[in-house]
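I have placed the structure first, in the form of C-alpha cells, so that the comments after it can refer back to it.
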Amino acid sequence: MTLSVGARASALLGFSLAAAVSSYALAAEQIPDIKGKWAGKTYTIVAGSGLHWPSNKGTFDKPGLFEKDLVIEVTNQEGRRFWGNQTFIGNGETTQEPMIGELTGKGNRTVVLVDTDGFLNGQLVDKNTLTFCYTQAGGKTPASVVSCTEIKRQH
C-alpha cells in the first residue's frame, strides 16, 4: 500500500507526537532518589524547652537562638515516600528523632516531612541540596520552634 505525501506526513507527525508525549510522561514520573546522609547547620529560634533543645530557657519574649549540626539520614525510600532519622549535635547535646516524608509537586522536588512533634517543608534545589524550614507549635512538648537551613548530600 502506498501512502500519499500528506498521509505520510500525518503519520510521521502522529508518531512524533506520541513519542514526545511518552517522553514527557516518563520525565514527569522521574522521582529523585534522596536516600543517604544529608548534613548542614540549623539556624533555630526556640521558645520553651524540647527534645533537641533540652537546656533552652528561651521564652517568646526572649527566645533561645541556636546553631546545631544536623544530619538527616534517609534510610529507605519507596517511590515518593521515604523515612529515616535526624541527628542534632551542638551545645554539648546530641539528640535523635525518627521521621517520615514524601516528595510532591512539580518534578517531585517539594519535600514534606514530619517527625514526632513538628514538620518540615522544603525544596530540592538540585540532586544534592535541600533547603527547608522546620516548624513546631507547642503541642507534645512545651517548645515552639522555627529552624531554616540548607543541607547537602554527603558522598
Query - Potential extension, residue 91-residue 61 segment - 0.36 nm per residue separation minus Cα distance - result: 8.6 nm
Requested in this report: Please turn the phi angles of the range 78-94 into ³J(HN,Hα) values with the Karplus equation 6.51 cos²θ - 1.76 cosθ + 1.60 (θ = phi - 60°), one per residue in order, whole Hz, x for glycine and proline.
Outcome: 10, x, 7, 8, 8, 7, x, 9, 10, 10, 10, 10, x, 6, x, 10, 10
Report summary line: Cα-Cα longer than 23 Å, checked against 35/152; 62/152; 37/62, kept in input order, equals 62/152; 37/62
**Report entry** Long-range amide H partners of residue 41 with built H, under 5 Å
**Finding:** 70, 150
Query raised in the report: Which distance in nm do the two modelled labels at residue 78 and residue 137 give, with both placed 7 Å along the Cα-to-Cβ direction?
Result: 3.2 nm
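Where a number appears in this text, it was derived from the coordinates with a stated rule and is not lab data. All figures in this text were calculated on a predicted structure; none of them were measured in a lab. No Cβ is skipped: glycine too gets one built from the backbone with ideal geometry, and neighbour counts run over all protein chains shown.
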